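Right, one structure below, let's go through it.
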There are 6 protein chains.
Amino acid sequence: MEKRILFINPIASSSYDDEIREYLKAGKCQDTIIKVVSLERGPLHLDYHYYETLVLTDILHLVKQAEEEGYDGAIIGCFLDSALEAAREITHRLVVAAPAESCMLIAASLGHSFSIIVTKDKALTRIRDNVVKYGFKDRLALFKSVALGVRDLQEDRTEAATRIKELAKEAVERDLAEVIILGCTIQFGFYKELQQDVGVPVLDAILATLKYAELMIELKKRFNWGQSKAYSYESPPRDEIIDWKLEEQYGVKGIWS
Amino acid sequence: MEKRILFINPIASSSYDDEIREYLKAGKCQDTIIKVVSLERGPLHLDYHYYETLVLTDILHLVKQAEEEGYDGAIIGCFLDSALEAAREITHRLVVAAPAESCMLIAASLGHSFSIIVTKDKALTRIRDNVVKYGFKDRLALFKSVALGVRDLQEDRTEAATRIKELAKEAVERDLAEVIILGCTIQFGFYKELQQDVGVPVLDAILATLKYAELMIELKKRFNWGQSKAYSYESPPRDEIIDWKLEEQYGVKGIWS
Amino acid sequence: MEKRILFINPIASSSYDDEIREYLKAGKCQDTIIKVVSLERGPLHLDYHYYETLVLTDILHLVKQAEEEGYDGAIIGCFLDSALEAAREITHRLVVAAPAESCMLIAASLGHSFSIIVTKDKALTRIRDNVVKYGFKDRLALFKSVALGVRDLQEDRTEAATRIKELAKEAVERDLAEVIILGCTIQFGFYKELQQDVGVPVLDAILATLKYAELMIELKKRFNWGQSKAYSYESPPRDEIIDWKLEEQYGVKGIWS
Amino acid sequence: MEKRILFINPIASSSYDDEIREYLKAGKCQDTIIKVVSLERGPLHLDYHYYETLVLTDILHLVKQAEEEGYDGAIIGCFLDSALEAAREITHRLVVAAPAESCMLIAASLGHSFSIIVTKDKALTRIRDNVVKYGFKDRLALFKSVALGVRDLQEDRTEAATRIKELAKEAVERDLAEVIILGCTIQFGFYKELQQDVGVPVLDAILATLKYAELMIELKKRFNWGQSKAYSYESPPRDEIIDWKLEEQYGVKGIWS
Amino acid sequence: MEKRILFINPIASSSYDDEIREYLKAGKCQDTIIKVVSLERGPLHLDYHYYETLVLTDILHLVKQAEEEGYDGAIIGCFLDSALEAAREITHRLVVAAPAESCMLIAASLGHSFSIIVTKDKALTRIRDNVVKYGFKDRLALFKSVALGVRDLQEDRTEAATRIKELAKEAVERDLAEVIILGCTIQFGFYKELQQDVGVPVLDAILATLKYAELMIELKKRFNWGQSKAYSYESPPRDEIIDWKLEEQYGVKGIWS
Amino acid sequence: MEKRILFINPIASSSYDDEIREYLKAGKCQDTIIKVVSLERGPLHLDYHYYETLVLTDILHLVKQAEEEGYDGAIIGCFLDSALEAAREITHRLVVAAPAESCMLIAASLGHSFSIIVTKDKALTRIRDNVVKYGFKDRLALFKSVALGVRDLQEDRTEAATRIKELAKEAVERDLAEVIILGCTIQFGFYKELQQDVGVPVLDAILATLKYAELMIELKKRFNWGQSKAYSYESPPRDEIIDWKLEEQYGVKGIWS
């Protein structure tokens, strides 16, 4: 069953697109086809509420356009799961996945508790809100922060790896975490070695989301189990969108036609 | 103590600006100065996640600009409290208030439980998430929905008033609500008569937020109790914003300088 | 990627084995191979704690044996998720899935709330305990019980279908459920028509678990993300099992060797 | 708008009355008029359940009498919020505020989490019960106790200040508290220097309550939003009180007439 | 093992003392000795916060005096568990029991959920606070209120019995309550017939507390498991009480000597 | 009132039976008659889910047989409360008690918080699930693990005692536990000295359950307050059990006749 997926790296830089594409390729199912895009404008990381807010509208329009172009699924490639609910609201046929939700849903069946390793202390509150919302508050074996911005993390990967390993060990030994989640999509590539070192499953945010997206597409295509259109994800009426000229106002002519 | 407040009606229509201005005027403290603005683009109501997402960036830039222009406070005039956290993150001197938070904080000291009357069933999940986030899950005496869109509500105010009254009575008598919150800023003007009819305090989303904003400004000016700049509301570094040319990209040249 | 799965129908009757096998066949991935088994002794349904307790040991030994025989996954085919944790504890290479967990993890990404339709009121407490344990207490839009024993449900499928449809509609319209879960594996086959009638995704306990099991096997084989062996699912030491002659005592000679 | 407030220091000593009066004066609005009283009998601190119980009736009668004398608001000056609910039950026109509630409601809009610095470990359970009751359990970034009785705290203010500062720093740096609440009314005067030292808002229990009381009076006078008289705060019938001669029995002749 | 118990009916009327005494006698263990007392002043029921507050101090002094006189246990005979924590704080050798706590602890081992039948809607919030505090929030199968004041309940026992029976049936059939708790000590005598009618255990507040008190005394005498004197129930220092002349001030000369 | 109790030590070794019998004898009421039994097959400890599962059916049949033989109560002698719910489901006249539930219900009235000292980290999750289920999550002052298997604990009792004492002290001093629960039935005999050392009540799992069982029998015999037969503990129909030949299949001929 063919599965066409758009992976959105929601920052204004395409530097990581190639690397991510190769990474996804190695993990995908045979009949999955993936395109990786980043944004045309915006910040280079989403460590602040403000930066995240700036990219939300552009993410949504990319998702909607992907649906128009026949994609089966979209991945919002940031551990904040930015715009996830709105993206599910505006789509019908296409399904949407995001890292924090995917990782936690998978972790839930691998162990009783998990620890999330995030970049900076500031991210804790934001991500914790999602842990609570997704229902996993009682499964969280404390957070750990590497105290490195997303960009530092990219620039000195050896230092990052060392710190992450220390935190992961501490999470398992002291906080009794049974699963580790790497809470930033830019920590990709670390999981394999790490999981040998600490002896418990270490979830990679990109690969976990890829697999969850493939499952969701499978469920949608086989059984028509896609996003419910009752209440939370009920779509806005196309007429209103056209009447109000939202396409013109936000420079996305044609995506709602 | 002078208090300069910007009230943002976050929709692309100025039709209600005058009415809201007069309404605020009648409720404000003597030395409070209020300006009401609406948006230059966007939807006419925020009943969908998508519509709400579209206006977030513009709300933030209005708030930031207000701080630059010397305002003491900003009110985000929608019961979804859209962009509230990000607005508090990007400001230092100015304080930000929003209706759901203000109403619940006030309701908390007037009774043991409250009921929120919202426009449509779809809004319930969205607003309930905020009730939980603000800590008032156990105080919520069930939701009520008038099953009217924001616009219907404006157009047939008599019908709306009748339905709201019925729901409010039911909330008090059957669900044992001790306080009623009108969960939409467009329900303004209804509270006075309603509260005589049902015999418990009925909070008006616009007036409650005005008063909470005045309190917050007073606290900030007298005791320097403004938004904490540790973690959640730590501001993004100005340098990055300039470097990345975010002002140019989003058409708001000058607000971060 | 080949996926060998053992589906255990944990009752002492093979009457449904063929039907379930065909049903699974129609829903499985191409390279998935499934065997369906039932028990050699025990009750004919698990509506009582006592009946459930009687079958636990036999389920575990079937799972362990399946691992020995090279299966990649096991499905415990009862919505009580009987023996799920113990089954994950005693296996290393094979992964274990069960209906309630699988359905809720899937429902979590399709809507904000779900309703579970169970057989009898007595089952509510038992299943609710699992809802809470899995973290979905706040997503549960009330339970519904068809007030039919598992066996009645099998015998008069038309009556059952009518009752389930009524309850599902009520769940969506009155309780604002966004997804329906059919909380009994014997309700298989109902979902397709039902989901057209009620207009929201209706999860079938057998198919949902099949797909979740396939995902888990994929994750295990590709990334070695299997059940964590730290704490909760740490396996008992083989030496002890042999020393204490547990194999002989419970008539399962050879499965731990 | 004139606001007449009675501040009750609920201990049998007037030693702090003057100091508190001056402190309140410096923080109040221009048209606020404040009287400070303490009790005629009772203990000198409320560190034990027993001591607190002894003063409850006298607090209530002072509050009721204040209402009779035309006061607009009453402040119960102890961080245990002693008799708060009963005080709201017996009053109609006058509104009642208390420190723990006021501080938490204000803290809620200044940051995502707060830490309360209390006098002794024994107080933790008692105050934590209130944190839970007010809905802020998930916002509490651990408690800190200075391990000093209320009286020690008064006698060696330098030592107290040093300990409080250490705890506040630890709360911010290690527990990620975004706001500090000084959980004892006798810690007044410390907040200003402290908040410069630790860099986050430090709420003073007396000033926060004063401001919250002023807000409540404003809301009552302008919009008639006072304590709800439905259920929790429904007043006892005057007839019963007179019939049973409660005024005579408790030596408060005339306050219910 | 002899068990001397003081039962305090915390209202200013001895009308029920005899009846309660006979009732307790019929339910007590052979070597249990019981004295029933009521208060010398105060209200005739505790349906309001105010009335409850008035009696707290007198309850405490009766309990303390009972300890002085060699009693082994005290029962605070009101379903609000008034002054329970303070009573445990001031006693060392004597143990204290109260109805709501005793009933819930017993109900917890008899069924998965219980329903409490209270006198008036106003009591719901107050009692619900205790349900939450004692940890049984998730076991509460909704409240029921007979909408009768404590006194009406006494005066027309036939009408009361009819209403209670209806509510109890509804609780079992519709709310799936597995145990019924009669949430008022004045409902004594109803349980026996009721439990035959509804077919589930119906707990009588007086008898349940008597039995729990006997258990607590047994535990204290045999194993020295009495109220913990660490933190919450740490007793106030006798010296302070004497120094401050609390005995004289509250007219209880001699009870702390 | 005579109370006949069967104490089941659910492991396949009678080595501890005599010692436990003597221990129970010293703690029981005069008219209580106790028999201690262990299992005929199975593991020697229940530290793994697998081991626990193996013994469940045999526990149930012992309990059922005890009812047939006229026992009034059964105690399941393992801190996991294994098979407790099923045992209550299959019995009518006999009541069932188990250590974790009994200890927590007693601890609840002795202090505000408790700490449980368990054998190994692995047990934490399992026992914590019960703490949550019984409603005491907010009263748990952290767990402590002595990091000794049940068997090590038996073999080197001096070492065990030393470690337990250290942990108990830490629990009281650092985690503010007000009561200590020894979370393993094999820790019997330790409580007396320990409670002198740490100064708070230390609950012994065997004695606490004995006393709770005596209370339950008293309640059953005097007031007919036994396990509710509505919903959760509704018994399976005898006819089905006979029809399905469950007695023959599980080698317990005659216990349901």
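The values are calculated or read from the model by the stated rules, or taken from the named source; none is laboratory data. What you are looking at is a predicted structure, and each value in this text was computed from that prediction instead of being measured. Cβ sites come from the backbone with ideal geometry, for glycine too, and all protein chains shown count toward neighbours. In case anyone asks, the SASA skips ligands and DNA or RNA and just uses the protein heavy atoms, side chains included. Shrake-Rupley method; radii C 1.70, N 1.55, O 1.52, S 1.80 Å.
Scanning region B:1-26 for residues that are among the hydrophobic types (A, V, I, L, M, F, W, C) and surrounded by fewer than 18 Cβ atoms within 10 Å (Cβ to Cβ) turns up B:MET1, B:ALA26. A:GLY251 falls short on exactly one of the conditions (1) at the interface with another protein chain (Cβ under 9 Å from one of its Cβ atoms); (2) without any contact (Cβ under 8 Å) to a residue 12 or more places away in the chain, and that condition is (1). Quickly run through region B:46-55 and pick out the residues that are more than 7 Å from chain A (Cβ to nearest Cβ) and either hydrophobic (A, V, I, L, M, F, W, C) or farther than 30 Å from A:ALA230 by Cα (or both). Selection gives B:LEU46, B:VAL55.
A residue that is open to solvent by 10 Å² or more (accessible area, probe 1.4 Å), in contact with a His (Cβ under 9 Å, 6 or more places away or on another chain), within 13 Å of another protein chain (Cβ to nearest Cβ) and among the acidic types (Asp, Glu) occurs nowhere in region E:27-40.
In the set E:GLU155, E:GLU173, only one residue is out of contact with any strand residue (DSSP E or B) (no Cβ under 8 Å at 6 or more places or on another chain) and away from chain F (no Cβ under 14 Å); that residue is E:GLU155. Taking the conditions (1) within 30 Å of C:ASN130 (Cβ to Cβ); (2) of a type outside the set (Val, Ile, Thr); (3) modelled with pLDDT under 95; (4) not in a helix (DSSP H, G or I) in turn, A:LEU124 satisfies each one other than (4). Applying the criterion of at least 3 residues that are open to solvent by 10 Å² or more (accessible area, probe 1.4 Å) to the helices (runs of 4 or more DSSP H) found wholly in region D:44-119 leaves D:49-68.
Condition check ((1) more than 9 Å from every other protein chain (Cβ to nearest Cβ); (2) free of Cβ contacts under 8 Å to residues at least 60 places away in the same chain) across all residues:
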site: F:THR57; (1), (2): no, no
site: F:ASP72; (1), (2): yes, no
site: F:ALA100; (1), (2): yes, no
site: F:ILE117; (1), (2): yes, no
site: F:ASP129; (1), (2): no, yes
site: F:TYR134; (1), (2): no, yes
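Can you confirm whether F:LYS221 is assigned to a loop (DSSP other than H, G, I, E, B) and out of contact with any helix residue (DSSP H, G or I) (no Cβ under 8 Å at 6 or more places or on another chain)?
Criteria not met by F:LYS221.
When every residue of region D:152-174 is checked against the conditions, none turns out to be open to solvent by 10 Å² or more (accessible area, probe 1.4 Å), in contact with a helix residue (DSSP H, G or I) (Cβ under 7 Å, 6 or more places away or on another chain), among the aliphatic types (A, V, I, L, M) and under 30 Å from E:TYR134 (Cβ atoms).
If you go through region D:124-138 and keep only what is of a type in the set (A, V, I, L, M) and open to solvent by 20 Å² or more (accessible area, probe 1.4 Å), you end up with D:LEU124, D:VAL132. Tell me whether region C:59-74 contains one or more residues that are β-branched (Val, Ile, Thr), in contact with a Lys or Arg (Cβ under 8 Å, 6 or more places away or on another chain) and modelled with pLDDT of 95 or more. Within region C:59-74, not a single residue is β-branched (Val, Ile, Thr), in contact with a Lys or Arg (Cβ under 8 Å, 6 or more places away or on another chain) and modelled with pLDDT of 95 or more. Go through the residues of region C:186-208 one by one and say whether even a single one is within 14 Å of chain A (Cβ to nearest Cβ), in contact with a Lys or Arg (Cβ under 6 Å, 6 or more places away or on another chain), without any contact (Cβ under 8 Å) to a residue 12 or more places away in the chain and assigned to a helix (DSSP H, G or I). No; the residues of region C:186-208 include none that is within 14 Å of chain A (Cβ to nearest Cβ), in contact with a Lys or Arg (Cβ under 6 Å, 6 or more places away or on another chain), without any contact (Cβ under 8 Å) to a residue 12 or more places away in the chain and assigned to a helix (DSSP H, G or I). Looking across region E:204-232, the residues that are open to solvent by less than 10 Å² (accessible area, probe 1.4 Å) and among the aromatic types (Phe, Trp, Tyr) come down to E:TYR212, E:TRP225. Considering the conditions (1) more than 7 Å from chain A (Cβ to nearest Cβ); (2) of a type in the set (Asp, Glu); (3) open to solvent by less than 20 Å² (accessible area, probe 1.4 Å), C:GLU240 is excluded by exactly one of them, (3).
Among residues of region C:1-17 that are closer than 14 Å to C:ARG41 by Cα and in a strand (DSSP E or B), those with a Cβ under 7 angstrom from a residue that is open to solvent by 20 Å² or more (accessible area, probe 1.4 Å) and at pLDDT below 95, sequence gap 6+ or separate chain, pair up as C:ASN9/C:TYR16. Among the candidates D:VAL198, D:VAL146, the residue that is β-branched (Val, Ile, Thr), at pLDDT 95 or above, open to solvent by less than 40 Å² (accessible area, probe 1.4 Å) and over 18 Å from the mean Cα position of the chain (by Cα) is uniquely D:VAL198. For E:PRO43, the criteria (1) facing another protein chain (nearest Cβ under 8 Å); (2) touching a residue at least 60 places away in the same chain (Cβ under 8 Å) hold in every case but one, which is (2). Note on region D:213-248: among residues that are free of Cβ contacts under 8 Å to residues at least 40 places away in the same chain and touching an Asp or Glu at 6+ places or on another chain (Cβ under 6 Å), the one that is nearest to B:CYS103 (Cα to Cα) is D:SER228.
When B:GLU240 is tested against (1) in a helix (DSSP H, G or I); (2) in contact with a Gly (Cβ under 6 Å, 6 or more places away or on another chain); (3) not aromatic (Phe, Trp, Tyr), just one condition goes unmet, and that condition is (2). Taking (1) in contact with a strand residue (DSSP E or B) (Cβ under 8 Å, 6 or more places away or on another chain); (2) closer than 25 Å to D:ILE117 by Cβ in turn, D:GLU193 satisfies each apart from (1).
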